[in-house]
Amino acid sequence: MPVFSLDPVQTAWCAELRELAVGTLRPLAARGEPGRVNRPLLAALAERGLLKRMFTGPPGVSPGGFPGAGGGSPAGCGPPPPGDPGDTGRALELCLMRESLAYGCTEAETALALQGLGAWPVARSGTPAQRARWLPEVVAGRAVAAFALSEPGAGSDAAALALRAVPDPRTGRDGWLLTGEKQWISNAPEADFYTVFARTAEGTGSRGITAFLVPADRPGLSGSALEMLSPHPVGRLVFDSTPVTPADVVGEPGRGFRVAMDTLNLFRPSVGAFAVGMALAALDATLAHTAARTAFGGPLKDLQSVAHQVAEMATRTEAARLLVLSAAAAHDAGDPEVPRRSAMAKLFATETAQYVVDTAVQLHGARALQRGHLLEHLYREVRAPRIYEGASEIQRSVVAKALYPRHPAARRRESGT
């Protein structure tokens, strides 16, 4: 798949998604309550097959398969590993969906992405029973998923998790009790289940973390909503000796950090796609405004200072889009440098979107700051992606860490020659 252009089918599909986002999903989003899960919006995404498509991949590709998903894989078989022919196009599909929905309705984009983020570890690494219980409900829009990684003292430094999973004295080796907190968890506290990352071994860094599937009605689990700048639901979770068993483990005990990183490597480029969608919406609004608005005897577009800013907005947005598509193609091809390329895509696209939206607000003037204006909405939405799923500073560290071992001078220094 060329990363520099889309084929006619993909282009038409993206146009359909934009129309769907503006004509159908945006009104549903407007009727939702800020900071709360919008279940009618999720139902609309499910009815149009978009939630299912996150997990089964593009048409013509063998889906990962789970009960209720359709496709040729046996029930209970998880999605294939990156680079397997059955995984072809998955990251690119996700990026195209997120970019297109974000252009017309950021709430719909976020609702879709959060379902994927919360449920992908289960689809990827869960047991047949876990997948059979939850994935059909997720793709039908009936169950809300959440990815519970961040903590009050462990945001960007995910390996520093403090949520503890200690052996349950009532069951010995056959269970654990979760004690601690998670914070800034999207869809909390309204999700129906959480993919929770907890420390099962002390003093071993990322190697002592285990992923658990924790239903929301599990004893000892409570939560509260947080009031945030962006309108989607974010909350805090408290685990007070919440019981989990080996049947709740996602993947292998002690290997939960890998489950988290596999998920983030897929979703980081698509966060960039979300940012690109917002940047494109801001750019189009700016083109329309500067072509129609008159000042100093003519349209704003005829002022060189304005035209050059618009050109810069368009150039950066196009570069960000290409970087996102390249990272998605690398993921689908099983490229070993996926972490670096995903980090580059998220970093550049989110920083670009911040610049483009801010410049659009400046060129629109005071009207863009009015509550309800598209740019006012985008201005609030565009800030968070530079922080979540690894802040920009973390992405720079990931990129630099990957670059130095490849350089001959660095290799010579490490070898002492």
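Only the coordinates and a few stated rules stand behind these numbers; no lab work does. None of these values were measured; they are calculated from a predicted model. Neighbour counts run over all protein chains shown; Cβ positions are idealised from the backbone, glycine included.
Cβ-to-Cβ counts within 10 Å put Lys346, Lys301 in ascending order as Lys301, Lys346, the fewest first. Helix 392-403 and the longest principal axis of the C-alpha atoms of the chain enclose an angle of approximately 80°. On the beta carbon distance between Asp302 and Ala15, with R0 = 22 Å, the FRET formula returns roughly 0.15. Dividing the helix sum by the residues of the chain, where each DSSP H run of 4 or more adds -39500 (n - 2.57), gives a mean residue ellipticity at 222 nm of -16000 deg cm²/dmol. Bridges between two residues of the chain, per DSSP, are antiparallel at a rate of about 85%. Subtracting the Cα-Cα distance of Met228 and Leu287 from 0.36 nm times their residue separation leaves 18.2 nm of extension gain. Between Arg383 and Arg39, the C-beta separation translates, for a Förster distance of 25 Å, into a calculated FRET efficiency of about 0.45. Between Ala400 and Ala132, the contour length at 0.36 nm per residue exceeds the alpha carbon distance by 92.4 nm. Each Lys and Arg adds +1 at its Cβ and each Asp and Glu adds -1 at its Cβ; summed about the Cα centre, the range 189-266 shows a dipole of about 300 debye. Over all orientations, the chain has a Cα convex hull whose mean projected area works out to 22.4 square nanometres. Centre-to-centre, using Cα atoms only, the range 363-387 and the range 122-147 are separated by 34 Å.
Per residue, the convex hull spanned by the Cα atoms of the range 260-415 measures out at 128 cubic angstrom. If one takes the longest principal axis of the Cα atoms in the chain, at what angle in degrees, from 0 to 90 and to the nearest 10, does the Cα axis of helix 304-332 lie? For helix 304-332, the angle is close to 30 degrees. In plain terms, the residue of Phe212, Phe274, Phe267 with the fewest other Cβ atoms within 10 Å comes first and the most crowded comes last, giving Phe267, Phe212, Phe274. With a Förster radius of 45 Å applied to the C-beta separation of Ala333 and Ala366, the computed FRET efficiency comes to 0.40. The ranking of Tyr404, Tyr103 by Cβ neighbour count inside 10 Å, starting from the fewest, reads Tyr404, Tyr103. Between His373 and Thr315, the distance separating the two model label sites (each 7 Å from Cα on the Cα→Cβ line) works out to 2.7 nm. Against the chain, whose longest principal axis comes from its Cα atoms, helix 256-292 is set at around 20 degrees.
Excluding same-chain neighbours fewer than eight residues apart, the lysines reachable from Lys346 by a Cα-Cα span under 27 Å are Lys52, Lys182, Lys401.
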